[in-house]
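Everything below concerns the one structure shown next.
The values are calculated or read from the model by the stated rules, or taken from the named source; none is laboratory data. These numbers were taken from a predicted model, which means no experiment stands behind them. Positions of Cβ are generated from backbone atoms using ideal geometry, with glycine treated the same way; all protein chains shown enter the neighbour counts.
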Amino acid sequence: MADDEAYMVSLQERHADALLNQQKRPEALAKSLENPPFNVKSSDIKDVNYQIVAKAMAACKDAEIEAIVAGLDQTNCDNLMKYT
């Protein structure tokens with residue numbers, strides 16, 4: 001089970017990184033917030049997922065954060081709040 005979760009987080013990271021490389025910061029943040037491993041017991045998987053979200057947030061310019069967060073759906077907003 002942990003291998004499946006690690007694989008899913010790895011896929012999520014690659015997808016978010018690809019979006020960041022294309023300068024699609026809002027999409028990268030939304031992707032990084034999808035299917036968070038909140039119910040996973042492995043702290044390593046949770047840490048990696050946190051790093052994905054943090055990287056996507058750090059890539060956003062200060063002036064665009066408010067608009068990006070406003071563009072998130074309610075589920076992703078709720079997930080983002082769990083990381084702060």
Notebook entry, point to check: Which condition number does Ile68 fail, the rest of (1) crowded, with 18+ Cβ neighbours inside 10 Å; (2) within 10 Å of the chain's Cα centre (by Cα) being met?
Noted result: (2)
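Residue-wise test of (1) touching a Cys at 6+ places or on another chain (Cβ under 8 Å); (2) hydrophobic (A, V, I, L, M, F, W, C); (3) surrounded by 15 or more Cβ atoms within 10 Å (Cβ to Cβ).
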residue	(1), (2), (3)
Asn35	no, no, no
Asn49	no, no, yes
Cys60	no, yes, yes
Glu64	no, no, no
Thr75	no, no, no
Next item on the list: Please go through the stretch 20-36 and pick out each residue that is free of Cβ contacts under 8 Å to residues at least 12 places away in the same chain and acidic (Asp, Glu).
Entry: Glu27
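Please return the ranges of helices (runs of 4 or more DSSP H) entirely within the chain where 2 or more residues are β-branched (Val, Ile, Thr). Write out each step before concluding.
Values: elements: 2-21, 25-33, 43-59, 65-70, 74-83.
Helices (runs of 4 or more DSSP H) meeting the threshold: 43-59, 65-70.
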Margin query: Could you check the stretch 1-58 and list, in sequence order, the residues that are over 22 Å from Asp73 (Cβ atoms) and among the small types (Gly, Ala, Ser)?
Written below: Ala2, Ala6, Ser10, Ser42, Ser43
Notebook entry, point to check: Which condition breaks for Ile45 when tested against (1) modelled with pLDDT of 95 or more; (2) buried (at least 16 other Cβ atoms within 10 Å of the Cβ); (3) not small (Gly, Ala, Ser)?
Noted result: (1)
Margin query: Among (1) in contact with a helix residue (DSSP H, G or I) (Cβ under 7 Å, 6 or more places away or on another chain); (2) under 15 Å from Leu80 (Cβ atoms); (3) of a type outside the set (Gly, Ala, Ser), there is one condition Ile65 misses while meeting the rest; what is its number?
Written below: (1)
